[in-house]
Structures are given as structure tokens and as C-alpha cells.
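The values are calculated or read from the model by the stated rules, or taken from the named source; none is laboratory data. Every value quoted in this text rests on a predicted model; they were computed, and no experiment measured them. Positions of Cβ are backbone-derived with ideal geometry, glycine not excepted, and every protein chain shown enters the neighbour counts.
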Amino acid sequence: MAGRRGPGSFGRAITAFALTASLSAVCVGEAPRTPPCALARGELTVADLPAGSSVRDCLAVGRVVTHDGAGLAVPEPGTTVSVDALTADGSAHGFTLAVAADGTVSYAYEAEHAAARPRRRADAPAPCADVAYSTAGRKEYGTYEWFLGDGPLPAHLSRGEARRAIAAGLAAITAVRNDCGYEDTVDARVRYLSTTAKEAGIDHEARCVRRDGLSVWDAGDIGPEAVATTCSWSRPASHGPDELLEADVRFNTHDYAFTDDPSGACTDAYDLRSVATHEAGHVFGLGHSGAGHENLTMYASSFACSTAARTLGKGDVLGLRSLY
């Protein structure tokens, strides 16, 4: 008869209704999920992981990203990492990768490529007349505590001699050592802790590859481009520039010679204290001063056999005063 249903038909109708209701409960008000982005294996470029990408969706934390000869490993959310290289020819190799708390990526690059212009120190302003500076958007809010690596050190110095040379470079920044008559306004401090078997988180291509919580200064092979490299990790601060978490420094003793006492016999060795002062500037938040400012400590080369970078120029001091 029309309108009659058997017991099986009624059961199937109940099942279909329940399934439809279940699907509606799952789908209503829920946006379609975007699958994680797919990254190729091996090293990445900034084009592979562009600004605005999510390190969470792309599973990018720990992957190495490169740009213009510099490289660094993607940090965890809420962290920024910067690589800064001192070079023989003053060419700028470095950039910054910041990962927001939600995993979003952003970059900051060197303002210019210094090697593209003539590099004549005689044509640059005198140190105490040059007001140029740049900052990296981070600072040390307390005391920078550092370790000395237990491997071979620059200039075949003893551990004590190398520690004193590096400490002098750090003190040049924290005490604002200059010949321009400026007083110290930096309230950050520095403390040497000990020798360590831990290494700076910098690989053989001068890339920032790991952060282990220790700020280590050591020496080794970082590729032929860099005389020395600083890797800095920081996190946002609510009341100013990012807060420094760790800063590692490595001197390139594989490709360059260093000395702690340049003399008339010096030919191509780099003054350890000058290089240390420059790298200490990066540790405390200074960037490179750029082409045309070759007489400042923060120019991207310290010049072989020169001790000029041991003391700060006017621009170096002004950069520190903008931070501290």
C-alpha cells in the first residue's frame, strides 16, 4: 500500500538523519583548514620563506635561510636572530629574521652593499666629525655574560691574553671609549664567566645555526668572506628595543691572521682588539655604519694592521646613546 514503510526503511532514515546532523555540527561555523606549506629540502632562500609566511604552517623552525651570502637558522616563535659579518673589503653581509609569537616571519636587510662604492679612508669624515650610525633594534638590558671557547685562539695567544683582548673590546663599548670627549651613558654591563667546551653557534659558512643559552667567543673556519661574525638572538621587549638573549662571536683564523700588537712589520694581520670592539658593537645593538664612513668603528671592515677601531667615533657613540 502507498505510504507504508517496512522496519528497515525507517531505520535507514534515522541513520541518514543522524549522519547529516553530525556533519552539520562539524562544518557549520568552521572555516576550511589550509594545509601546511611545502618547503623543499636543504637550504632555503628568503624567497622560499617570504615575509608573512608562518613557521608553524611551513614547519620551518631550525631550517637554514640564506640571503646575499649570509645565512641563519629559523628561530622559534617570539625570537629574532641576526647575522653580522666583518669583511676584508667592507662589503656588508648580514640580515635579520624575526618570528612573531604567532609564527609570522619578517626580515630586515643591510641598507646597502658597501663594496659597491670606493673605500678610501682618507676621503671619509674624521671619526669625531662623522655622525653616521645604524642600530639593530635590540640592546642588552642588564649584564652581558660571556664565555671563551677552549679551542685555538687568534694570533696564537694564550687563553688569558685572548680573554684580555676581547674584554678590552667589550669594555670599549660599555665604557664608550672614544677620543671625541663623550662621556659614558651605557648602563649595560659585561661579565666574563669562564672557558667552555661549548662552541659559538656559527658554522663554517658564517651562518647562525643554533642558540644554546651561552654567549661564546671563539675562533675557527667561517668561510673566506668574513673576518669575524656575530650571531645575536633577541626577543621583544614591551618598553623598547628587543632584549638580547644571546650573542656569539667567531674570529676567522682559517683565512685571516690576527695580532694583538700591530707594528711597522705588520702586513695583513687584523688587530684583535679592533675586531673585538666592532663585534662588541653588534652585541650591544649597533649595526654597520655603511660606505663613506670608513673611519668609524662600526664600518664593515676594521682594516688590516690598523688599531683605529679600538676607540669609537662620534657616530658610534651617537648610536649607543640612541639605545642606552
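For this structure, a couple of remarks:
- For region 219-232, the set of residues classified as in a strand (DSSP E or B) and under 14 Å from Asp248 (Cα atoms) consists of Ala219, Gly220, Ala228, Thr229, Thr230, Cys231, Ser232, listed by residue number.
- Test: residue in region 215-233 that is over 20 Å from Thr87 (Cβ atoms), modelled with pLDDT of 95 or more and more than 12 Å from the chain's Cα centre (by Cα): yes
- Wholly enclosed strands (runs of 3 or more DSSP E) of region 233-324 bearing at least 2 residues surrounded by fewer than 24 Cβ atoms within 10 Å (Cβ to Cβ): 240-252, 257-259
- Filter result (outside any strand (DSSP E or B) and out of contact with any helix residue (DSSP H, G or I) (no Cβ under 7 Å at 6 or more places or on another chain)) within region 178-197: Gly181, Glu183, Asp184, Asp187, Ala197
- For region 57-68, the condition of being at pLDDT 95 or above, more than 18 Å from the chain's Cα centre (by Cα) and charged (D, E, K, R) holds for at least one residue.
- Pairs, first among the polar types (S, T, N, Q) in region 174-194, second assigned to a strand (DSSP E or B), C-beta under 9 Å, six or more apart: Thr174/Tyr144; Thr174/Arg189; Thr174/Val190; Asn178/Leu312; Ser194/Phe147; Ser194/Leu148
- Residue in region 83-113 that is nearest to the chain's Cα centre (by Cα), counting only those that are under 16 Å from Gly223 (Cα atoms), of a type in the set (A, V, I, L, M, F, W, C) and assigned to a loop (DSSP other than H, G, I, E, B): Ala92
- Of the residues making up region 206-218, just one is assigned to a loop (DSSP other than H, G, I, E, B) and buried (at least 24 other Cβ atoms within 10 Å of the Cβ), namely Ala206.
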